[in-house]
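Below you'll find the structure, written out as structure tokens, and then a few comments.
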Amino acid sequence: MKRKKSWRDRARQIARRYPRELKYIAIGAAIVFVVVCGLTGYYYVTMSRMIDARLHGERDRVLPRVFARPLELRRGEGLSEKELLDRLNDLGYAQRTAVQAPGEFAVDGALVTVMPRAGSHTGKRVIISFQRPAPPARRGRPQPPRPPSTRIEGLSVADAPKGAAGLSRVTLDAPMLTSLMRSGREKRRQVPLSAIPTRMKDAVLAIEDRRYYSHPGVDPIRMVGALFTNTFGDKPYLEGGSTITQQLARNFFLTEAMAEEQQSRQRSIRRKLLEQFMAVVLDIRASKDEVLELYLNDVYLGNRGSFAIHGVPEAARLYFGKDVNNLSLGEAATIAGIIQSPGTLSPFNNAARARERRNVVLSAMASAGFVAKEAADRAAKEPLSPVARALDAEAPYFVDYVGQVLAEQFPGLTQSPEAIDVYTTLDLHLQRLAQDAMTTGIANVDQLLSRRKRPRVAQAALIVVDPSSGDILAMVGGRSYNQSQFNRAISASRQPGSVFKPFVYLAAFERAAAEGLTTLTPATLVNDEPTTFDADGTPWSPSNYENEYDGPITLRRALAMSRNAATVKVAETAGYDRVADLWKRIGAGTSPKPYPSIALGVFEATPYDIATAYTIFPNGGVRRSLRPLLEITRGGKNVPIKDAPVKNIARANTTYLVTNMMRSVLSEGTGAAARASGFTLDAAGKTGTTNDLRDAWFVGFTPDLLTVVWVGLDENQALGLSGAQAALPIWTSFMTRALAGHGDRIFDVPEGVSFVDIDRDTGLAAAPGCLRVIRESFLSGTEPSEACAIHRY
């Protein structure tokens, strides 16, 4: 019986029979092995260098940051508790059950305790009260609990001595508006991993890479499981096999290969193998925490408007209006769920799918042991509540304008490798109030247009400045930045219409002062009646709004009621060339021609131009250029900023006459609806309506705040609404809330101005029988010497 040959015997037999062939095979295998080892070493070294360079650059990279002015809280300020919490989220403060460290706050009923990181009370526990003072108790009648106030009722330091007086104001940090990307339209906020809460990290790990801390960059178990689940499973979604490390390698290091793949719409096996190899190298070259931090700050999470959202800290703000520290469990799960497909799982694009995906993440977190099943079930029952206007709340129009100013005045600054911090003039509280007023006001305009069967989409712009400094405090360039990034506040050139009329009267008073005339005063009578004027050889007959004429009226009354015919007559008296020259000296908008139509603002200017021009009134004839920047630092050192030019335009006393006349616009003229709506502070302003009701304006100011509102159509067609109907309600809503808690401050009276009681109808000195008496301002020496004879006893 023959012995069966073993495999060793067979091998020896083959070796004796084919010695040459086996030699070649061995040499070939050795060559292949050497080549593979060489290529592996080459790619390892190459990718290691690439990874080290990118990681080093990413660690050292500091994006230019843009800040608003420090948040200031005042006792009596019109700020609700919810609005305060929003502001604290803007600052990145973390909500805790008890305040223990700077940058934390706690809520207890109508009391909010905060420990500022910077400002006037750094490191101290400040208590902000929204509790209304209780009325005196009546005997035998218990007082019902009072609802929290919508203003700050009290400010105090928690550890202050007993009996110490409360605080009048508290200054906190400067809130960061955004980081300026050096290329592209992106929104991101770089934060260390330690600043991202555990629930946010766990949500991402549970749904994207549960074994992240145990695999070497690729997860064979996950790949096989994903293949099996997607082939035989019954889940309503596909499960991915890529780890977090692979995703980072793909989206952070292999961007060119991904772009080619997207263009060809074909998946590349080579790119996938390269991705897996790079993930292994990345896992070797960087720690797990470093990779996770980079991923959480870089992951793409959809778009808002024209901006791509990168990183969970920015997503927390733009989806939920919160700092990432203050996300709830459900909100963290929602953001983690978006990663799989940002376009289709965004709560703004598909709320049902976003909710379903959130619940999948919560289930995965419970399954992985990151949260208790009961907590996940509670979070799954919560409503999905994204903040639709979170992007608008970050003042995107203003940020774009700041970027434009930096590019023009400081070319190359934002490309510097050093840390760049830009401190702006924006008051984030006023910005939020402006956005709220705009949202409500434009919705009312939409309703008015709908009732009038004019189905058009109205646009609006609003700009708020401090007239004493020219600081831009708030800017809204349109009804929705998501829908349109065109900044109408600085770029929409439209006819100013009647908001130009105060400059006509100023030119007239300037002529009176220069020539010693006593016949041009706010009490001078002008005949408001249909009149034809000579416009360079062409007859021109302007009409009043709704063809209403008053006959003989004072200049104050003509301005208050915005009478066109009377104003053109004043321009004629002043000299059309004087009116044109006055506007040219201001240097805002286009230069109008010295024709009769100049009196009605028939030229073009932007809301920014109008705000600049109107600074002369609260400043006694001095024009302040508007500015968006307070300070710039590069590498910790200040970058010089040129001071905005100041220019004397008119005399202080003549300017005051017009300012005082514009007070009547609000008290009895075309802007009187502001008083009826509850605005009580001393202010001056002017409505504006252009030909055919094309554009609607309102400009109004106090000594502290100047606000311009424009409403119209982008296609420059007739809006069909007047300034009092469309723009004034927005101005009133904003100014009422913005100045809540402020004392009533009157306009300063310059030297050379005197006051006399006059009869409103005749403009003469008031007699004992005059029923409508007003106290009128005059240039000293031009007061009326004749008493009213009509109303004498």
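The values are calculated or read from the model by the stated rules, or taken from the named source; none is laboratory data. It should be emphasised that the depicted structure is a prediction, and the values quoted were computed from it without experimental measurement. No Cβ is skipped: glycine too gets one built from the backbone with ideal geometry, and neighbour counts run over all protein chains shown. With ligands, DNA and RNA removed, areas are computed over all heavy atoms of the protein, side chains included. Shrake-Rupley method; radii C 1.70, N 1.55, O 1.52, S 1.80 Å.
Using a 1.4 Å probe on the protein chains only, how many percent of the accessible area of region 425-547 belongs to carbon and sulfur? Walk me through the intermediate numbers first.
Values: 2120 of 4610 Å².
It is 46 percent, rounded to a whole number.
By accessible area, using a 1.4 Å probe on protein heavy atoms only, region 557-609 has 46% of its surface on carbon and sulfur.
Any idea what the relative contact order of region 438-574 is, in percent, if you count C-alpha pairs under 8 Å spaced at least 6 apart? Mind showing how you got there, number by number?
Details: 162 pairs, mean separation 24.6, N = 137.
Relative contact order here is 18 percent.
The loop-placed GluC sites (Glu not before Pro) in region 728-793, going by DSSP, that have at most 14 neighbouring Cβ atoms within 10 Å of their Cβ come out as E751, E786. Summarising the label geometry, the points placed 7 Å from Cα in the beta-carbon direction at R585 and K82 lie 5.0 nm from one another.
Pull out the extension gain between K288 and V639, defined as 0.36 nm times the separation in residues minus the alpha carbon to alpha carbon distance; nm, one decimal.
Values: separation 351, 0.36 × 351 = 126.36 nm, distance 3.86 nm.
The K288-V639 span can extend by a further 122.5 nm.
State in Å² the accessible area per residue of region 396-540; use a 1.4 Å probe, count heavy atoms of protein chains only, and round to the nearest integer.
Values: 5330 Å² over 145 residues.
Ligands and nucleic acids excluded, the figure is 37 Å² per residue.
Taking θ as phi - 60° and the Karplus parameters 6.51, -1.76 and 1.60, the scalar couplings of region 305-319 work out to x, 8, 9, 8, 8, 10, x, 5, x, 6, 4, 4, 6, 7, 9 Hz in sequence order, x denoting glycine and proline.
Leaving ligands, DNA and RNA out of it, rank T344, T518, T654 by accessible area with a 1.4 Å probe, largest first.
Numbers: T344 55, T518 80, T654 0 Å².
From most accessible down to least: T518, T344, T654.
Look at the dipole of region 482-534 built from charges on Cβ: of T532, T519, N482, the Cα furthest out on the positive end belongs to N482.
Would you mind working out the accessible area per residue for region 719-789, using a 1.4 Å probe, and quoting it in Å²?
Per residue, region 719-789 has 44 Å² of solvent-accessible surface.
Enumerate by residue number the GluC sites (Glu not before Pro) in region 533-586 meeting two conditions: DSSP loop (anything except H, G, I, E, B), and at most 14 other Cβ atoms within 10 Å of the site's Cβ. Spell out each step's value before the answer.
Working: sites: E546, E548, E572; in loops: E548.
Those satisfying the criteria are E548.
In this label model, F348 and E382 are separated by 2.1 nm, measuring between points 7 Å along each Cα→Cβ vector.
For L629, the residues 5 or more places off, or on other chains, whose built amide H falls under 5 Å of its own are T425. Here's how it looks for Q459: its modeled amide H is under 5 Å from those of G712, L713, D714, which are all 5 or more places away or on a different chain. Taking the Cα centre of region 613-652 as reference, the dipole from Cβ charges on Lys and Arg (+1) and Asp and Glu (-1) amounts to some 100 debye.
Full-extension gain between A676 and N716, please, as 0.36 nm times their residue separation minus the C-alpha to C-alpha distance. It would help to have the intermediate numbers written out before the result.
Details: separation 40, 0.36 × 40 = 14.40 nm, distance 3.10 nm.
That works out to 11.3 nm of additional length.
Each label point was placed 7 Å from the Cα along the Cα-to-Cβ direction; for A789 and D159 their separation is 8.0 nm. Cross-link reach is defined here as a Cα-Cα straight distance under 16 Å, omitting same-chain residues fewer than 8 places apart; for K642 the aspartates and glutamates meeting it are E408, D471, E631.
Quote to one decimal, in nm, the extra length available between A30 and A368 on full extension: 0.36 nm per residue of separation minus the C-alpha distance between them.
Numbers: separation 338, 0.36 × 338 = 121.68 nm, distance 4.60 nm.
Residue separation times 0.36 nm, minus the Cα-Cα distance, leaves 117.1 nm.
Around the amide H of F603, modelled in the peptide plane, lie the amide H atoms of G497, all under 5 Å away and 5 or more residues distant in sequence or on another chain.
Backbone phi angles across region 500-517, fed through the Karplus curve with coefficients 6.51, -1.76 and 1.60 (θ = phi - 60°), yield HN-Hα couplings of 7, 4, x, 6, 5, 5, 5, 4, 5, 5, 5, 5, 4, 5, 6, 9, x, 7 Hz in residue order; Gly and Pro are listed as x. What is the list of residues in region 723-760 whose amide nitrogen lies under 12 Å from a point 7 angstrom out from the Cα of S780, following Cα to Cβ? Under cut-off, by backbone N: 750-755. Solvent-accessible area per residue in region 570-698 equals 39 Å², computed with a 1.4 angstrom probe and all protein chains kept.
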